[in-house]
Amino acid sequence: MIDKQIKIGLFGFGTVGRGLFDLLETTRPANVTLHRICVRHAGKDRGVKADFTTDPEKIFNDPEINCIVELIDDAEASYTIVRRALSEGKTVVSGNKKMLARHIEELIELQAATGSTLLYDASACGSIPVIRNLEEYYDNDLLISVKGILNGSSNYILTKIFNHGMTYGDALQKAQEAGFAESDPSLDVDGWDSLYKLIIITVHAFGTYVAPEKIFTYGISSLSDHDIRFAREKGRRIKLVAHVEKLPGNKLTMCVMPQLISTNKYIYSVDDEFNGVVIKGLYYDKQFMFGRGAGGHPTGSAILSDITACLYNYKYEYKKRNSGPMPEFTDDISFRVYFRYNLPHQLKLLPFSRIYESYTSEEYNYVVGQISLDDLRMAAPELRRHNVFVAAYPRD
């Protein structure tokens, strides 16, 4: 029987905070209590009975609270809360992937210095426990790659396009109405949310931290009917994919971009707001994890799992950062891509080393060609300024 009691001081009561509250009300764990909630605005009717405050000190200075749970959407405010809590030796659970992607190395060092604990499985793939699995099961040098759909909102949009024949604009509106996409959906559809998650996953998969600005990131906001038609003609679907892979010579590469997925791939059939992660290694080949990646209750369940893990004094060991030389990041690789452009001069945006297929018309043009990841990263700002679309186009 566990004698330890967890008393939570919660920052934020948005979609995930409310989801956590509902789960605690439903499951009523004997050793976990939501003690106090800090919110930005006082007096707002939130429809629940709880001890709300707008003063962070009432959480930090409460001797009964022994677990800080941070679920706010402001990355800088999140960093301030988490850094202070860890500096004071407290246990912290966070779901803020943007904050973690920027500050994870510092927070790892802070935990080591203070003996505090920071858990954040919910930051990577909603309800899928990918971080803890990478820490515990894949804690060896057999791991080759982690690849998948890490953003439920963009996947919901692409599902409506390919399964229901919607246009991109109509699918986006449907996602916003369903609560899967914000009024400003750029974080999801332009790949940034997937990027932040990939950075966190990579730290646990391979030990290496790579800053966001070094990684080629491109989303689906410029997707057109022409691109959808091309994918269908080739018997493929477009998915927004995050990918990290270990290369010979103790190198690794990372990117986030649309990909033309063939029917024989696991993630081809990952639909709606679900996430799917494929982990590949020596000898065990590929293993697939699947689950809901968006929504208050799925993400809240991951937060609750981290909270209950604190009952057993669980903490990440960051084994890959302490087991020898970490792989070095490189984007000196090349692969096949599909590039759709509208005006002839836009073809010069990408310096292809080889062209395999091309098409020109009055309405649009495309090429299928070989290009380096480094060249894609260098061209990314210009690509975003034009109404063009680029997607990885694997041969299988």
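Under a 5 Å amide H to amide H cut-off, with H placed in plane at 1.01 Å, what residues pair with Thr91 once short-range neighbours are removed?
Those lying under 5 Å, H to H, from Thr91 are Ile68, Thr117.
Do any of Lys239/Lys280; Lys97/Lys286; Lys246/Lys319; Lys98/Lys147 go past 23 Å between their Cα atoms, and which?
Working: Lys239/Lys280 19 Å; Lys97/Lys286 26 Å; Lys246/Lys319 16 Å; Lys98/Lys147 19 Å.
Correct reply: Lys97/Lys286.
Please work out how much length the chain gains when fully extended from Asp271 to Asn66, using 0.36 nm per residue of separation minus the C-alpha to C-alpha distance, in nm with one decimal. Numbers along the way, then the final one.
Values: separation 205, 0.36 × 205 = 73.80 nm, distance 3.89 nm.
My answer for the length gained is 69.9 nm.
Tally the DSSP beta bridges in the chain and give the antiparallel ones as a percent, rounded to 5.
Numbers: 47 of 71 bridges.
Percent antiparallel among DSSP bridges in the chain is about 65.
Taking the Cα centre of the stretch 86-174 as the origin, how large is its charge dipole in debye, to the nearest 20, when only Lys and Arg (+1) and Asp and Glu (-1) carry charge on their Cβ atoms?
The dipole of the stretch 86-174 has a size of about 560 debye.
Report the label-to-label distance for Ser323 and Thr33 in nanometres (one decimal), using points 7 Å from each Cα along the Cα→Cβ vector.
4.0
If you place +1 on the Cβ of every Lys and Arg, -1 on the Cβ of every Asp and Glu, and leave all else neutral, what size is the dipole of the stretch 6-120 about its Cα centre, to the nearest 20 Debye? The partial results should precede the final answer.
Working: 15 positive and 16 negative charges, 55 e Å.
The calculated dipole for the stretch 6-120 is roughly 260 debye.
Need one number: nm distance between label points at Thr167 and Asp225, each 7 Å from Cα along Cα→Cβ, rounded to one decimal.
0.7
Give me the angle, in degrees from 0 to 90, between the Cα long axis of helix 75-87 and the longest principal axis of the Cα atoms of the chain, rounded to the nearest 10.
Compared with the principal axis, the helix lies near 40 degrees.
Sequence-distant or interchain residues sharing an amide H contact under 5 Å with Thr53, placed H: which?
When sequence neighbours closer than 5 places are left aside, the close amide H contacts are Ile37, Cys38, Val39.
Can you give me the angle between helix 97-114 and the longest principal axis of the chain, using Cα atoms only, in degrees from 0 to 90, rounded to the nearest 10?
With both axes taken from Cα atoms, the answer is about 40 degrees.
If Rh is defined by the Kirkwood formula over all Cα pairs and Rg also comes from Cα, what ratio Rg/Rh do you get for the chain?
Numbers: Rg = 21.9 Å, Rh = 22.1 Å.
Dividing the radius of gyration by the Kirkwood radius yields 0.99.
Just to be sure I understand the model, the point goes 7 Å from the Cα along the line to the Cβ. What's the resulting Glu213 to Ile108 distance in nm?
Label-label distance for Glu213 and Ile108, simple model: 2.1 nm.
What net charge is computed for the residues neighbouring Lys251, neighbours being all others with C-beta under 12 Å from the C-beta of Lys251, Lys and Arg scored +1, Asp and Glu -1? Kindly include the intermediate steps, with their values, before the conclusion.
Working: positive: Lys246; negative: Glu245, Glu328, Asp331, Asp332.
Residues close to Lys251 contribute a combined charge of -3.
Using the beta-carbon distance between Glu25 and Asp51 and R0 = 25 Å, what value does 1/(1 + (r/R0)^6) give for FRET efficiency, to the nearest 0.05? Let's see the in-between values first.
Details: r = 14 Å, r/R0 = 0.58.
In this case the efficiency is close to 0.95.
Give the share of C-alpha pairs in each 5 angstrom bin for the stretch 6-120, from 0 to the last occupied bin, in whole percents, shortest bins first.
2, 11, 24, 25, 20, 13, 5, 1, 0
Under 18 Å between alpha carbons, and skipping anything fewer than 8 positions from Lys58 in its own chain: which aspartates and glutamates qualify?
Glu70, Glu88
Treating the angle as unsigned and between 0 and 90°, give the value, to the nearest 10°, between the Cα long axis of helix 192-206 and the longest Cα principal axis of the chain.
In the chain, helix 192-206 runs at an angle near 70 degrees to the longest axis.
Dipole of the chain, Cα-centred, from +1 at each Lys and Arg C-beta and -1 at each Asp and Glu C-beta, to the nearest 20 debye? Before the final figure, lay out the partial values.
Details: 46 positive and 50 negative charges, 120 e Å.
It works out to roughly 580 debye.
Every number here is computed from the coordinates shown, using simple stated rules; none is lab data. These figures come from a predicted structure and were not determined experimentally. Don't worry about glycine lacking a Cβ; one is built from the backbone with ideal geometry, like all the others, and counts go over all protein chains shown.
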